[in-house]
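Here's the structure we're looking at; comments come further down.
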Amino acid sequence: MTPRPAGLAGVLLPIAAVVTAMVAFQVSAAFAKALFPAVGPQGAAALRLTLGAAMLVAISRPWRAWPPRAAWPAVIGLGLSVAAAVALFYAALSRLPQGVTIALQFLGPLGVAVLASRRLRDLLWAGLAAVGVWALVGRGVAGARLDPVGIAFALGAACGWAGYILCGRAAGTALGPAAAPLSVTIAAAIVLPVGVAHAGVAILDPALLPLAAIVALFSTVIPFSLELYAMARMPSRTFAVLMSLEPAFGAASGLLLLHERLVPTQVCGIAAVMIAAAGAAWSGAQATTPPPAPG
């Protein structure tokens, strides 16, 4: 089992890793939709995971830390969760507004935060994060006609994200950096046939590779590596609520890259989410129980 680093660095480094991962993911989101017209959401997911897996394997060479038999269930579960989270998120994004998709997907990590909690204050942080997420992305949702298939895809992505958090902590603790390339390779093997079936030969268009490589780097290689590092060093409920900062970074990315402006209610939502994330991180820093070993 990977020991937690001691002292202030042991608290700040995992938090910094999560924040950097979210920034990288939002940069990639600005480019991912450009792939949809050519290969659809299924092809975009396949390109993202396949290229991301190739990059991760080349960088980390996971065969140097091959999983022991006891760790394989967590690694396989993580790969399945990654495949569901990525493919279903892109499928939902093609049918729903991005804010609605993110809000529904956040039911996954927030559910982990609530179900894993044994203290009232953790429930309060999760509740404040939920209120903040709704204030951030819920404006204009009421009364709108949403695609029920898109809603189902987003809820499926939420389940995938919850599984990613739960399995990722165990796999990251057991394998360290090797968990990311192994799990993303499993996810790519699952999603690639689906992407080829939907996109056909278009998925092999060399003109798409530079953009797809950027999306893979910033949405898969950087975030997954940093998040798996962080998940092995903080309680799962703390990681889950910390990830509620994602809509805030999404809003900032929309403003800077897509010129999307926020109303005051959404600004208040960002503040609520940031306060909840900071509170959850502080609460998690006081927990001294180490993460369980994978079994």
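Miscellaneous remarks
- Where a residue in segment 194-206 is more than 11 Å from Ala46 (Cα to Cα) and its partner, wherever it lies, is modelled with pLDDT of 85 or more and surrounded by fewer than 16 Cβ atoms within 10 Å (Cβ to Cβ), with Cβ under 8 Å and at least six apart: none
- Options Ser225, Ser219; residue that is touching a Lys or Arg at 6+ places or on another chain (Cβ under 9 Å) and in contact (Cβ under 8 Å) with a residue 60 or more places away in the chain: Ser219
- Whichever residue in segment 172-203 is modelled with pLDDT of 90 or more and under 30 Å from Met234 (Cβ atoms) and, among such residues, is surrounded by the fewest Cβ atoms within 10 Å (Cβ to Cβ): Ala189
- With respect to the conditions (1) crowded, with 19+ Cβ neighbours inside 10 Å; (2) modelled with pLDDT under 70, Val215 falls short on a single one, namely (2).
- Being under 19 Å from Phe106 (Cβ atoms), among the hydroxyl-bearing types (Ser, Thr, Tyr) and part of a helix (DSSP H, G or I) is a property that Ser183 lacks.
- Residues that are part of a helix (DSSP H, G or I), surrounded by fewer than 24 Cβ atoms within 10 Å (Cβ to Cβ) and not polar (S, T, N, Q), drawn from segment 44-64: Leu51, Ala54, Met55, Val57, Ala58, Ile59, Pro62, Trp63, Arg64
- Boolean, Pro73 is assigned to a helix (DSSP H, G or I) and either at pLDDT below 85 or surrounded by fewer than 16 Cβ atoms within 10 Å (Cβ to Cβ) (or both): yes
The values are calculated or read from the model by the stated rules, or taken from the named source; none is laboratory data. Because the structure is a prediction, the values reported are computed rather than measured. Here the Cβ is made from the backbone with ideal geometry for all residues, glycine too, and neighbour counts use every protein chain on show.
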